[in-house]
Amino acid sequence: MIAHLSPSWQLTTEHAASSYGQPVLVHRGTGEAYGPADIIQAYPSYGPMPAVDVVRRLAKTANLDKEGKALVARFIGLVPPVEN
């Protein structure tokens, strides 16, 4: 599953860094993946913050379907990962 949060960022379970259904935040330009606790600067205007806060912020303005909202919830810890 993939949820496009912005032109530069997406949540996905299809990246090699994802496991057991836990999505990772991926920079679409570089392919780098981040977990919820990783400190990143998503955009120059943001400043460094945990990836979980970046996802919360981007999700507020993203046009997400039901699956996208579920990925966000799983990433920020509201839903446990799916067992395979």
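The values are calculated or read from the model by the stated rules, or taken from the named source; none is laboratory data. Values in this document were obtained by computation on a predicted structure and should not be read as measured data. All Cβ positions, even for glycine, are placed from backbone atoms using ideal geometry, and neighbour counts span all protein chains on display.
Looking at region 34-47, can you tell me whether even one residue there is aromatic (Phe, Trp, Tyr), modelled with pLDDT of 95 or more and more than 14 Å from MET1 (Cβ to Cβ)? Break it down into steps so the answer makes sense when it comes.
If we filter region 34-47 for residues that are aromatic (Phe, Trp, Tyr), which is where we start, we get 34, 43, 46.
When the remaining residues are screened for being modelled with pLDDT of 95 or more, the result is 34.
Applying the additional criterion that residues be more than 14 Å from MET1 (Cβ to Cβ) yields 34.
So far as region 34-47 goes, yes, one or more of its residues are aromatic (Phe, Trp, Tyr), modelled with pLDDT of 95 or more and more than 14 Å from MET1 (Cβ to Cβ).
Looking at region 11-24 only, could you name the residues that are small (Gly, Ala, Ser) and in a loop (DSSP other than H, G, I, E, B)? Break it down stepwise before answering.
Applying the first criterion (small (Gly, Ala, Ser)) to region 11-24 yields 16-19, 21.
Passing the criteria: ALA16, ALA17, SER18, GLY21.
One line per residue, one yes/no per condition, for (1) of a type in the set (Gly, Ala, Ser); (2) buried (at least 18 other Cβ atoms within 10 Å of the Cβ); (3) under 13 Å from the mean Cα position of the chain (by Cα):
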residue: ILE2; (1), (2), (3): no, no, yes
residue: GLU14; (1), (2), (3): no, no, yes
residue: GLY21; (1), (2), (3): yes, no, yes
residue: VAL26; (1), (2), (3): no, yes, yes
residue: GLY29; (1), (2), (3): yes, no, no
residue: GLY47; (1), (2), (3): yes, no, no
residue: ARG56; (1), (2), (3): no, no, yes
residue: GLY68; (1), (2), (3): yes, yes, yes
residue: GLY77; (1), (2), (3): yes, no, yes
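Against the conditions (1) at pLDDT below 95; (2) in a loop (DSSP other than H, G, I, E, B), where does ALA73 fall short? Just the number, please.
Checking ALA73 against (1) at pLDDT below 95; (2) in a loop (DSSP other than H, G, I, E, B), the one that fails is (2).
Return the residue satisfying two criteria in turn: it lies in region 25-44 and is in contact with a helix residue (DSSP H, G or I) (Cβ under 8 Å, 6 or more places away or on another chain) and not in a loop (DSSP other than H, G, I, E, B), and of such residues it is farthest from TRP9 (Cα to Cα).
Taking region 25-44 first, the residues in contact with a helix residue (DSSP H, G or I) (Cβ under 8 Å, 6 or more places away or on another chain) are 25, 34-40, 42.
Going one step further and asking which of them are not in a loop (DSSP other than H, G, I, E, B), we end up with 25, 34, 39-40.
Numbers: LEU25: 7, TYR34: 11, ILE39: 15, ILE40: 12 Å.
Going through the qualifying residues, I end up with ILE39.
Scan region 25-61 for residues that are in contact with a Ser or Thr (Cβ under 7 Å, 6 or more places away or on another chain) and in contact (Cβ under 8 Å) with a residue 40 or more places away in the chain and report the count. Outline the logic, then answer.
Let us first name the residues in region 25-61 that are in contact with a Ser or Thr (Cβ under 7 Å, 6 or more places away or on another chain), namely 26-29, 58.
With in contact (Cβ under 8 Å) with a residue 40 or more places away in the chain added as a condition, the list becomes 58.
Total meeting the criteria: 1.
For region 45-64, which positions are assigned to a loop (DSSP other than H, G, I, E, B) and out of contact with any strand residue (DSSP E or B) (no Cβ under 8 Å at 6 or more places or on another chain)?
Narrowing region 45-64 to residues assigned to a loop (DSSP other than H, G, I, E, B): 45-48, 60-64.
SER45, TYR46, GLY47, LYS60, THR61, ASN63 - these are the residues of region 45-64 that are assigned to a loop (DSSP other than H, G, I, E, B) and out of contact with any strand residue (DSSP E or B) (no Cβ under 8 Å at 6 or more places or on another chain).
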